[in-house]
Amino acid sequence: MSVKKKPLVVVTRKLPDSIETRMRELFDATLNLDDTPMTPQQIAEASRSADVLVPTVTDTISEEMLKHPDCKLRMIANFGNGVDNIDVTAAHARGITVTNTPKVLTEDTADMTMALILAVPRRLIEGATILPDGKSWPGWSPTWMLGHRIGGKRLGIIGMGRIGQAVARRARAFGLQIHYHNRRPVPPRIAEELGATYWESLDQMLARMDIISVNCPHTPATYHLLSARRLKLIRKDAYIVNTARGGVIDEDTLIKLLEAGDVGGAGLDVYEHEPAVNPKLVRLAKAGKVTLLPHMGSATIEGRVEMGEKVIINIRTFLDNHKPPDRVLPSML
């Protein structure tokens, strides 16, 4: 009796051990055990042999690759919530199903956003380097390392989806006044729960906030949403926090404003040209004008395992000829 051949699943990066073990049990899984990023050529080669590709947010799945006559992919099961790394329209036109892993990283990303909202005004990173770096510390002083309290300040959230709302709940507990800009207002019960004020005009909101948190997805419509013009609307003593995607902010203009002291400070977990980080940002961080994190907003063990479980569920559902629960269509973007 012939044994049914398992579908070939190629995983582009190292995943948690429990997820990789389960994938090997269920599929003919090709794993990336040393976690070396695959080159575009290697990903293209994988698309010509695999039934399912499991990329991450750092892997570009281009129209050129998907339209290649030798592309055999039936499914792209993205290990990540955002799908701006995938040409979803090209995949859909080719009949390739695309899925993501939503609703998993909301709390983790909101925690990190709140951490930056606290760290930047209170100069936490600057203070944390004093003793480990062996710098002279004369002891407590009434006027040394002064920051700003956040209680009573206005927080402007750009993007009031799941993560934006989770940030608002945390921020409200710290006494911040919640404001937000979104494509449309949230339901009245949520606005009442959060005590949130809706701004249809992003320009008007930016000019009035003490802290601005970027929590919107990266789409063609949100590329440089905080453009040079809009960044210049922000108050000189305001802070900007971004845990969404680097491309939402015109990074070059932000750097110029930080250098000139025309923005109070910034906390960034994402960058416009990742994994490259602008050397000017690094210099500003050393000068205490910006806090930089290496894209770790969603980096929890629990979160990564749940992402992997979603990937497996999506693949198994698809291979069983059912609609995957986390299918992404061009009309959704």
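Just so it is clear, none of the values below were taken in a lab; they were calculated from the coordinates. Quantities reported herein were computed from a predicted structural model and do not represent experimental measurements. Ideal geometry is used to build each Cβ from the backbone, glycine not excepted, and the neighbour counts take in all protein chains shown.
Taking springs between alpha-carbon atoms closer than 10 angstrom, which of GLY303, GLY246, GLY127 fluctuates most in the Gaussian network model of the chain?
GLY127
With an 8 Å Cα cut-off and a minimum separation of 6 or more residues, compute the relative contact order for the stretch 139-227 in percent.
Numbers: 123 pairs, mean separation 30.9, N = 89.
Rounded, it is 35 percent for the stretch 139-227.
To two decimal places, what compactness ratio does the chain give when its Cα radius of gyration is scaled by 2.2 N^0.38 Å?
Compactness ratio reported: 1.10.
Taking the Cα centre as origin and putting +1 on Lys and Arg beta-carbons and -1 on Asp and Glu beta-carbons, what dipole magnitude results for the stretch 41-130, to the nearest 20 debye? List each step's numbers first, then the result.
Details: 8 positive and 12 negative charges, 23 e Å.
Charge dipole of the stretch 41-130: 120 debye, to the nearest 20.
Beyond a 24 Å Cα-Cα separation, which of these cross-linked pairs lie in this structure: LYS135/LYS289; LYS103/LYS289; LYS153/LYS236; LYS6/LYS323; LYS14/LYS310?
Values: LYS135/LYS289 18 Å; LYS103/LYS289 33 Å; LYS153/LYS236 15 Å; LYS6/LYS323 19 Å; LYS14/LYS310 16 Å.
Those over the limit are LYS103/LYS289.
May I ask you to order 206-217, 31-42, 150-161, 318-329 by the average number of other C-beta atoms within 10 Å around their residues, highest value first? Don't jump to the answer; show the numbers that get you there.
Details: 206-217: 22.5, 31-42: 12.5, 150-161: 20.2, 318-329: 14.2.
The packing order, highest mean first, is 206-217, 150-161, 318-329, 31-42.
Could you calculate the contour length gain from LEU329 to ILE301, that is, 0.36 nm times the residue separation minus the distance between their Cα atoms, to one decimal place in nm?
Working: separation 28, 0.36 × 28 = 10.08 nm, distance 2.87 nm.
The LEU329-ILE301 span can extend by a further 7.2 nm.
Dipole size in debye (nearest 20) for the chain around its Cα centre, Lys and Arg Cβ +1, Asp and Glu Cβ -1?
On the way: 43 positive and 38 negative charges, 150 e Å.
With Lys and Arg at +1 and Asp and Glu at -1, about 720 debye.
On full extension of the chain, what length is gained from VAL282 through SER62, given 0.36 nm per residue of separation minus the C-alpha to C-alpha distance?
Between VAL282 and SER62, full extension yields an extra 76.1 nm.
For TRP137 and LYS5, compute 0.36 nm times the residue count separating them, minus their Cα-Cα distance, and round to one decimal in nm. Don't jump to the answer; show the numbers that get you there.
On the way: separation 132, 0.36 × 132 = 47.52 nm, distance 6.63 nm.
Length gained, TRP137 through LYS5: 40.9 nm.
Show the residues, 5+ positions off or on another chain, whose built amide H is closer than 5 Å to the amide H of GLY267.
Correct list: ILE240, VAL241, ASN242, THR291.
Give the calculated FRET efficiency between ARG189 and ARG48 to the nearest 0.05, with a Förster radius of 35 Å applied to their Cβ-Cβ distance.
Values: r = 50 Å, r/R0 = 1.43.
Efficiency, from the Cβ-Cβ distance: 0.10.
If you line up the long axis of helix 162-173 against the longest principal axis of the chain, both from Cα atoms, how many degrees apart are they, to the nearest 10?
Here the helix axis deviates by roughly 30 degrees.
Taking only DSSP H segments of four or more residues, each worth -39500 (n - 2.57), what value at 222 nm results for the chain once the sum is divided by all its residues, to the nearest 500 deg cm²/dmol?
Working: 13 runs with 115 residues, N = 333.
Per the formula, -9500 deg cm²/dmol.
Filter the chymotrypsin sites (Phe, Trp or Tyr not before Pro) in the stretch 63-147 to those in DSSP coil with at most 16 other Cβ atoms within 10 Å of their Cβ, and list the result.
Working: sites: PHE79, TRP140, TRP144; in loops: TRP140, TRP144.
For chymotrypsin sites (Phe, Trp or Tyr not before Pro) across the stretch 63-147 that sit outside H, G, I, E and B with at most 16 neighbouring Cβ atoms in 10 Å, the list reads TRP140, TRP144.
Quick one: compute the contact order of the chain, relative version, from alpha carbon pairs under 8 angstrom and 6+ residues apart, as a percent. Can you show the working numbers first?
Details: 595 pairs, mean separation 55.0, N = 333.
Relative contact order, the chain: 17 percent.
For the chain, set up a Gaussian network in which alpha carbons nearer than 10 Å are linked by springs, and say which option among ASP70, ASP84, ASP51 fluctuates the most.
Maximum among the listed residues: ASP70.
Quote the charge dipole size of the stretch 251-321 about the Cα centre in Debye, to the nearest 20; the model charges only the Cβ of Lys and Arg (+1) and of Asp and Glu (-1). Numbers along the way, then the final one.
Details: 8 positive and 11 negative charges, 55 e Å.
In total the dipole reaches around 260 debye.
For the chain, set up a Gaussian network in which alpha carbons nearer than 10 Å are linked by springs, and say which option among ALA44, ALA228, ALA287 fluctuates the most.
Of ALA44, ALA228, ALA287, the most mobile in the Gaussian network model is ALA287.
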